[in-house]
Amino acid sequence: MLGLKLPTDPRWVNIVEKNISEILCDHAFCEQKAASTAISLIVGFPEYTDLVNEMIALVKEEMSHFKMVHDLIIERGETLGRDRKDNYVLQLLKFFPKGGSRNTQLVHRLLYAALIEARSCERFRLLSEELQDNNLADFYRKLMVSEANHYTMFLQFARQYGDDLDDVNKKWQDLLVFEANIMQDLGTNETIHG
């Protein structure tokens with residue numbers, strides 16, 4: 001369903017389980033960054049009323065997820081650590097060339113967002129199925145559904161706003177292949193994407 005070309009090695013969950021604190025901290029910041037992305041789309045493309053409306057709802061949802069993860073961190077007697085670079089996203093953002101028309105930039109941003117949400121969804125599914133901690137597994141099962149909805153929403157908007165549907169679909173497929181190459185070197189850290 002997600003179209004990912006390279007699934008995450010299930011052994012990644014074993015890495016995560018050795019340091020749940022790290023994955024929760026990273027996850028909290030991923031939710032915050034997702035909200036920031038939605039805000040930046042509102043600021044950058046305010047004339048797209050349907051996009052703005054969806055991004056307003058997304059900001060609220062992502063910040064509620066941030067709070068849920070933050071609450072889990074506090075329940076565990078810990079505090080939110082410092083944010084760190086997301087090497088997955090940094091590498092992914094190198095795919096599309098800079099510049100181009102404003103519309104092209106929007107489509108590229110939407111495709112990036114769709115793919116990040118798709119990978120998060122896939123990772124949340126793994127966590128929901130493989131974590132030994134049943135409470136955390138249930139938590140990730142619920143969030144997995146949200147991530148799937150976000151992925152399809154961003155992809156739908158990219159296709160809606162793109163000048164040529166075939167071109168958008170080709171870009172999507174090419175981005176998926178590029179992302180699979182990135183994933184070959186990741187999956188060794190207790191981070192959502194790494």
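Annotations
- Enumeration of residues in segment 118-165 that are of a type in the set (A, V, I, L, M, F, W, C) and under 23 Å from GLU22 (Cα atoms): ALA118, CYS121, PHE124, LEU126, LEU127, LEU131, LEU136, ALA137, PHE139, LEU143, MET144, VAL145
- Among the residues examined, ARG119 does not qualify as basic (Lys, Arg) and more than 30 Å from ASP163 (Cβ to Cβ).
- Qualifying position, being surrounded by fewer than 20 Cβ atoms within 10 Å (Cβ to Cβ) and closer than 30 Å to GLN173 by Cβ, among LYS5, LYS18: LYS5
- Highlighted here are the helices (runs of 4 or more DSSP H) found entirely within segment 1-102 that include at least 2 residues which are more than 19 Å from the chain's Cα centre (by Cα): 12-17, 20-44, 49-75.
- Of everything listed in (1) of a type in the set (D, E, K, R); (2) without any contact (Cβ under 8 Å) to a residue 40 or more places away in the chain; (3) more than 24 Å from ILE39 (Cα to Cα); (4) surrounded by fewer than 18 Cβ atoms within 10 Å (Cβ to Cβ), the single unmet condition for GLU130 is (2).
- Residues in segment 88-123 that are closer than 15 Å to TRP12 by Cβ and either without any contact (Cβ under 8 Å) to a residue 60 or more places away in the chain or of a type outside the set (A, V, I, L, M, F, W, C) (or both): TYR88, ARG119, SER120, GLU122, ARG123.
- Total residues in segment 143-163 satisfying the condition of being of a type in the set (S, T, N, Q) and either surrounded by 18 or more Cβ atoms within 10 Å (Cβ to Cβ) or closer than 13 Å to TYR112 by Cα (or both): the figure is 3.
- Among residues of segment 64-87 that are touching a residue at least 40 places away in the same chain (Cβ under 8 Å) and among the charged types (D, E, K, R), those with a Cβ under 7 angstrom from a residue that is assigned to a loop (DSSP other than H, G, I, E, B) and surrounded by 13 or more Cβ atoms within 10 Å (Cβ to Cβ), sequence gap 6+ or separate chain, pair up as ASP86/HIS193.
- Residue check for TYR112: under 16 Å from ALA38 (Cβ atoms), surrounded by fewer than 21 Cβ atoms within 10 Å (Cβ to Cβ) and not hydrophobic (A, V, I, L, M, F, W, C): yes
- Test: LYS85 is surrounded by fewer than 13 Cβ atoms within 10 Å (Cβ to Cβ) and in contact with a helix residue (DSSP H, G or I) (Cβ under 9 Å, 6 or more places away or on another chain): no
- Segment 155-194, subset touching a His at 6+ places or on another chain (Cβ under 8 Å) and assigned to a loop (DSSP other than H, G, I, E, B), residue farthest from LEU111 (Cα to Cα): LEU186
- Filter result (of a type in the set (S, T, N, Q) and surrounded by 15 or more Cβ atoms within 10 Å (Cβ to Cβ)) within segment 88-102: GLN91
- Checking GLN132 against (1) of a type in the set (S, T, N, Q); (2) modelled with pLDDT of 95 or more; (3) outside any helix (DSSP H, G or I), the condition it does not meet: (2)
The values are calculated or read from the model by the stated rules, or taken from the named source; none is laboratory data. If you're wondering where the values come from, they're calculated on a predicted model, not measured in any experiment. Backbone-built Cβ (ideal geometry, glycine too); neighbour counts: all protein chains shown.
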